[in-house]
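Working notes, structure below.
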């Protein structure tokens, strides 16, 4: 092989550069046979570093980051609190909410309202005051990422009640249990009554609107909700004093010392409770106005 290389070089010197390609090919073959590797051509256009080695071109890796459109359910949460006011069947209320995830909020609220009402039951007149006082919490879930939400919750404090003064005018008949009486004109029947609910009650609401709208730059909302409070059947208590007479006005006596009369008072309470047993679920409808900070 070295003799062949000498002959090839001699011929190339004779004919000029026409054999340059053949010379390079023969040198490569010779190098391969001897195990000698040839370094890259330093005159190539490939950039080199300070040590003479080629500099690798930077490789741009594709980004895995995905941008979230503004207002989507998975958009970043930019606000941590919102407040609102509302009006509904639980009274007038205020509430506040904070986000848990992109599609859930935790919300707390307080409701209050009072009004008076007079009614008569079995001849006994009640000057009643209806008082709404409640504290509630809700877990708001927005399954589709929009304004529609499902809100299971708990009425932490249910102070809703009806209280009032009871009275029977002198000479007027009334009933307790299954017994008829007449109120004594000299010492007519009077007392007080109360109707109350379970102090803690689960709730479930369905609504439209989000106190914490995820859309950037949106601060106001108008939530609307309807649902129920599982408050249980209301319980009544009744206390009466005075003199009761037979229906014809005879045999008047002090009811506080009459065990039969007091037993009939208990029967009357049970009757009231039976009449109200259907009201185990209280309906809720409300509309409000909220602001996100």
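A few comments on the model shown:
- Take 116-129, 149-162, 95-108 and order them by the average number of nearby Cβ atoms within 10 Å per residue, most first; the result is 149-162, 95-108, 116-129.
- The distance from the alpha carbon centre of segment 118-152 to that of segment 196-231 is 12 Å, rounded to a whole number.
Coordinate-derived values only; no laboratory data. The shown structure was predicted, so the numbers you read here are calculated from the model rather than taken from an experiment. Every residue, glycine among them, receives a Cβ derived from its backbone with ideal geometry; neighbour counts consider all protein chains shown.
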